[in-house]
Structures are given as structure tokens and as C-alpha cells.
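Input: a single structure, listed below in C-alpha cells.
Every read-out reported here was derived from the displayed coordinates using simple, explicitly stated rules and does not represent laboratory data. Owing to the predicted nature of the structure, the values given are computational and were not obtained by experimental measurement. Cβ placement follows ideal geometry from the backbone for every residue including glycine, while neighbour counts extend to all protein chains displayed.
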Amino acid sequence: MKTILTEEQLGLTIQRLSHQLLENIIRYDDIAIIGIQPRGIFFSDRIVGQINQQIAPGRITYGKLDITFYRDDVRQGLHTLNQTDIPFSIENKTVILIDDVLYTGRTIRAALDALLAFGRPAKVELCVLIDRRFSREFPIQADYAGKFIDTIITQKVKVLWKERDGKDEVVLL
Amino acid sequence: MQLSTKHLLGIRDLQASDIQTILDTATQFKEVLQRPIKKVPTLRDVTIVNLFYENSTRTRISFELAEKRLSADTINFTASGSSVSKGESLLDTVNNILSMKVDMVVMRHSASGAPHFLAKHIPAAIVNAGDGINEHPTQALLDAFSIREKLGSLEGKKIAIIGDIMHSRVALSNIYLLKKMGAEVMVAGPPTLIPVHIREAFDIQVEYNLRKALEWCDVANVLRIQLERQNQVLFSSLREYSLAYGINRKMLDGLPKEIWIMHPGPINRGVELDSDVADSKQSIILQQVENGVAIRMAVLYLLAGKQPISNP
């Protein structure tokens with residue numbers, strides 16, 4: 001097990017990404033941040049928390065999306081369902097999807113399909129904490145990434161969160 | 001997140017954890033049904049045949065809608081207008097349909113045990129949509145879902161099932177389910193319409209006085225008098241039944257607390273329920289119908305997850 005990001009580095013990365021996300025925003029009403037269930041939520045909670053505390057309190061529209069029904073592997077076993085909570089219209093908004101690790105791109109593919117059931121966004125962007133380059137199975141890339149990692153398929157990147165795993169850390173297994 | 005069974009033949013075969021899983025899954029599907037686009041691609045490679053050997057409005061439309069919302073391919077089959085009238089047996093009919101590569105069978109039949117018989121002989125997953133006077137599991141699940149929505153949980157809640165208990169598959173499925181989930185159950189109705197040993201068999205209460213039953217319960221699930229299944233005279237007239245066991249506004253207003261009124265449909269207005277009860281704020285009959293689609297989506301989704309790719 002090798003540490004990729006320590007707790008301190010993780011905090012700095014989240015801070016940087018929060019600022020980057022907002023750099024291009026002209027009107028806060030025009031964007032919505034949507035975290036992808038289940039593990040992207042921990043990351044999006046931090047980003048939104050950061051924005052609310054230090055940058056633009058109460059001005060960010062924030063939702064959560066479960067993509068289980070849009071997966072392409074239902075026949076290979078069921079996944080646990082999580083709550084989808086998007087109590088606002090995404091019509092003509094810029095939606096920033098947030099997930100912890102970008103790997104094959106299949107999750108994001110499903111998330112894009114799931115998102116369109118809620119309306120027609122003006123633009124969709126993707127923000128991930130870890131981008132595993134060279135392992136994509138779909139033509140999907142992140143607009144914002146915390147850290148790029150080049151790994152072989154047998155290796156596994158795990159993002160640990162205090163709320164769930166007891167500590168903040170990104171490790172390579 | 002897996003069911004312990006490959007088919008949904010009855011609530012009797014389910015474990016409490018299965019029921020919990022189905023209800024929780026239905027909660028997520030109910031959210032899907034509130035979206036601008038109510039269709040998800042989850043079962044897009046699954047083919048389902050709806051095999052209805054007996055009349056149905058709600059259940060059939062509800063299953064069909066659930067299948068469509070899940071993007072499954074569906075085939076509808078009704079006994080009238082098919083080769084059943086030429087004398088083809090149930091097993092032959094189903095095997096012929098299955099040879100066209102069907103993954104799941106949703107089935108209603110007037111003979112109790114028909115889906116259990118099929119389950120022994122064919123590889124597809126079977127969902128019982130009502131068999132004779134045995135069970136109607138998805139109805140009990142949607143009833144439970146509706147109660148849970150109103151009261152928060154089922155445990156310790158008092159549910160009275162009122163009417164023709166003897167001929168009702170809804171009653172039997174409800175009793176199994178409510179007992180498994182820790183609710184208190186009472187059946188009420190005329191003695192001729194309540195099976196003799198039901199109290200001992202299920203450890204439930206029996207009441208012959210309608211007012212006492214209503215005073216006791218949090219929710220009254222009112223059943224239809226099933227004249228089509230009664231082959232002997234069990235009460236003298238519908239009017240007499242209505243006088244003794246029909247629920248009206250005055251009766252509800254005289255109760256110490258507000259109770260919820262449920263009915264699996266179709267309602268015989270003026271017999272078991274008066275219109276001013278059926279259409280009142282206390283009635284959740286239409287919510288039951290709405291929840292039915294979410295429950296059936298959950299059942300089909302959870303059973304499809306157990307199916308290997310490209311059946312038979």
C-alpha cells in the first residue's frame with residue numbers, strides 16, 4: 001500500500017479545485033454541482049463545504065445522483081441503491097459532475113445518461129479527485145482533476161474519507 | 001442486495017429482509033417516477049411476458065407500465081383470443097412463449113398454485129400477479145409501502161383487513177407480510193366470510209363487529225366482496241352486507257382518531273365503501289395505485305438481477 005495523497009495534501013487539493021471550479025463562473029445561478037453516489041458524494045460534500053464556508057456561502061446549487069439504474073452490468077449482479085436528490089431544474093445550467101476516481105469512464109457514461117433524465121443542461125463538466133490516465137474504455141475526460149496517476153490495471157486506487165473510513169488519504173493498493 | 005428467491009410466488013416464501021429490500025428499492029423507483037423523464041434503461045435487454053388468464057385492470061396496467069419504465073421488452077397475453085380456447089395447456093402455452101427467448105413471466109391465473117406449478121417446470125423467473133384465492137404478493141407489497149409512507153414503519157402498527165377474507169388473495173398476502181414485518185393484524189367481516197381457524201393459523205385477531213375493528217386500527221384495508229368466487233350464499237344480500245359492514249362518513253367521524261382507508265380496487269361503491277369515504281382525505285386508494293408501479297419496478301429489477309444472460 002502506497003500513499004498518493006496525505007491528509008494535508010488532500011485538503012490543499014480540494015481547496016485548489018474549489019477555486020478552479022468557480023474561476024469561470026459569471027452567475028452562480030447558472031451552475032449546479034452534482035455528486036455521484038456513493039463515493040463521489042464525500043468528495044462533492046467537501047468541495048461544496050469549502051465553497052460555502054470560504055468563497056460564496058449559500059450560492060451553490062447542489063444535488064446528488066445515483067446511477068445504478070443506468071449501469072450497463074445489471075445482469076452481472078445488483079449494486080446497492082443510493083438516494084438521488086436533485087430538487088432543482090438543470091435546464092440550461094452548467095452542471096459540474098463530481099466523482100472521486102475517473103478510471104474506465106463507464107460510471108461517467110452512465111451519469112451522463114442519468115443526468116439527461118432531469119432535463120437539458122447547457123453544459124456538463126467533470127471534476128475528479130484522481131484521474132487514472134491510460135485506462136479509459138470510453139472517450140471521456142475530466143475538466144478538473146486533483147491528481148493524475150498512471151497505474152496498471154491490477155492496481156487499485158482507493159480514496160479514504162474521515163466520515164466513512166476514519167481518515168483522509170488516497171492510497172494505491 | 002439480493003433477494004433470497006428467484007421467483008416471486010408469494011409473500012409466504014419471502015424473508016423479512018427480502019420485503020425490506022423490495023420496499024427500500026421501491027422508494028428509489030418512486031423518485032425515478034417523479035423525474036421529468038420517467039424511464040430508465042435498466043432492463044433494456046430483458047423480455048417479459050404478461051400472462052393474464054383472468055381479468056385485471058390495475059395490476060396489468062401497473063405491471064406493463066413498470067416494465068416500460070424499466071425499458072424491458074413486453075409481450076401481452078390474454079387467455080381470451082389465444083390458443084387457450086383451442087385447448088392448449090398452460091405448460092404448453094408457456095413453453096411455446098419461452099422458446100421465443102423470454103426471461104420473465106408475470107402471471108395471473110384463476111387456479112391457486114398455477115405459478116408455483118410453472119416455476120417447477122420452466123427456467124424463467126415468475127412473478128405471481130394473483131393466483132385464485134391464494135396470494136397476490138405485489139398488492140401486499142404496495143399496501144405495505146403505502147402504510148410505511150403514511151405511518152413511518154410497519155412494526156407495531158394496527159392493521160384491520162375488512163370484508164371477504166375467505167376468498168381474498170389480497171388478505172392472505174397481506175397477513176403474511178404484516179406478520180413478518182411485526183405489525184398487529186385483525187381480520188373483520190361476517191363469520192361466513194372468515195375462515196374458521198384463521199386466528200390460530202396466523203396468530204391474528206378476529207372481529208365480527210365493524211365499529212370495534214375501526215376503533216382498534218390505525219389503517220383499515222377494505223376488501224371487495226368477490227361475488228365471482230362465491231358459489232354458495234354466504235350472506236343474504238349486498239344491501240344487508242352494506243348495512244352491517246359498509247363504511248360510511250358518519251362512522252369514520254365517530255371514531256376517536258383518524259384512520260387511513262385502503263382498498264385494493266375495484267371498489268363496489270355503496271357496498272363496502274361509501275363514496276364520501278372512498279373519495280375523502282383519509283382514503284389513500286389512489287396513492288396505492290401510484291405506489292404499485294414503483295413496487296413492481298422494484299420486484300422486476302431485483303429478480304432480473306438474478307437472471308443469467310440469454311435464458312433458455
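If you put +1 on each Lys and Arg Cβ and -1 on each Asp and Glu Cβ, how big is the dipole of chain B around its Cα centre, in Debye rounded to 20? Its charge dipole is roughly 420 debye.
Normalised by 2.2 N^0.38 Å, where N counts its residues, the alpha-carbon radius of gyration of the stretch A:9-151 equals 1.01.
Of all lysines in the structure, the ones whose alpha carbon falls short of 21 Å from that of B:LYS157, not counting any fewer than 8 places away in one chain, are B:LYS179, B:LYS180, B:LYS212, B:LYS257, B:LYS281. Would you please state which residues of the stretch B:168-212 a label at B:LYS257 would reach in this model, taking the label point 7 Å out along Cα→Cβ and a backbone N cut-off of under 16 Å? So the set is B:183-186, B:212.
Throw me the Rg/Rh for chain B, computed over C-alpha atoms with Kirkwood Rh, two decimals.
Reported Rg/Rh (Cα atoms, Kirkwood Rh): 0.97.
Checking every one of the GluC sites (Glu not before Pro) in the stretch A:59-152 against DSSP loop status and a limit of 12 other Cβ atoms within 10 Å picks out A:GLU91, A:GLU137.
With 0.36 nm allotted per residue and the present C-alpha distance subtracted, the B:GLN15-B:PHE117 stretch has 34.6 nm of extension available. Other protein chain C-beta atoms within 10 Å of residue C-beta, averaged over B:35-43: 5.
Here the contact order of the stretch B:137-288, divided by its residue count and restricted to Cα pairs under 8 Å and six or more residues apart, works out to 24 percent.
Taking the number of Cβ atoms within 10 Å of each Cβ as an exposure proxy, the fewest-first ranking of B:HIS197, B:HIS109, B:HIS136 is B:HIS197, B:HIS109, B:HIS136. Classification of the stretch B:137-288 by its C-alpha gyration tensor yields a rounded form. The axis ratio a/c (a ≥ b ≥ c) stays under 1.5. Under the criterion of Cα pairs below 8 Å and six or more residues apart, the relative contact order for the stretch A:46-110 equals 31 percent. Among B:VAL299, B:VAL271, the ranking by other beta carbons within 10 Å of each residue's beta carbon, starting with the fewest, stands as B:VAL271, B:VAL299.
Translational diffusion of the protein assembly as shown, estimated by Stokes-Einstein from the Kirkwood radius over alpha carbon pairs at 20 °C in a medium of 1.002 mPa s, is 85 µm² per second.
A simple spin-label model places pseudo-atoms 7 Å from Cα toward Cβ; at B:GLU88 and A:ARG106 they are separated by 3.9 nm. The longest stretch of chain A left intact once loop-based chymotrypsin sites (Phe, Trp or Tyr not before Pro) with at most 16 other Cβ atoms within 10 Å are removed from consideration, loops following DSSP, is A:1-87.
Cβ under 11 Å from A:GLY35's Cβ, A:GLY35 left aside: what net charge do those residues give with Lys, Arg +1 and Asp, Glu -1?
For residues surrounding A:GLY35, the net value is -2.
Spin-label model, B:LEU286/B:ASN76: points 7 Å from Cα along the beta carbon direction are separated by 2.3 nm. Counting only DSSP H runs of at least 4 residues, each contributing -39500 (n - 2.57), and dividing by the residue count of chain B, the helix-based mean residue ellipticity at 222 nm comes to -11500 deg cm²/dmol. Dividing the summed -39500 (n - 2.57) terms of all DSSP H runs of n ≥ 4 by the residue count of chain A sets its mean residue ellipticity at 222 nm at -7500 deg cm²/dmol.
Bridgeable lysines around A:LYS167 (alpha carbons under 20 Å apart, same-chain partners fewer than 8 residues away excluded): A:LYS2, A:LYS147, A:LYS156, A:LYS158.
Candidate cross-link partners of A:LYS64 among the lysines, defined by an alpha-carbon separation under 20 Å and a same-chain spacing of 8 or more, comprise A:LYS93, A:LYS123, A:LYS162, B:LYS30, B:LYS38, B:LYS39. For chymotrypsin sites (Phe, Trp or Tyr not before Pro), no site in the stretch B:138-232 is both called loop by DSSP and has at most 12 other Cβ atoms within 10 Å. For the pair A:ASP73 and A:LYS158, label points projected 7 Å from Cα toward Cβ lie 1.8 nm apart. Counted by neighbouring Cβ atoms within 10 Å, the residues A:LYS64, A:LYS2 run from fewest to most as A:LYS2, A:LYS64.
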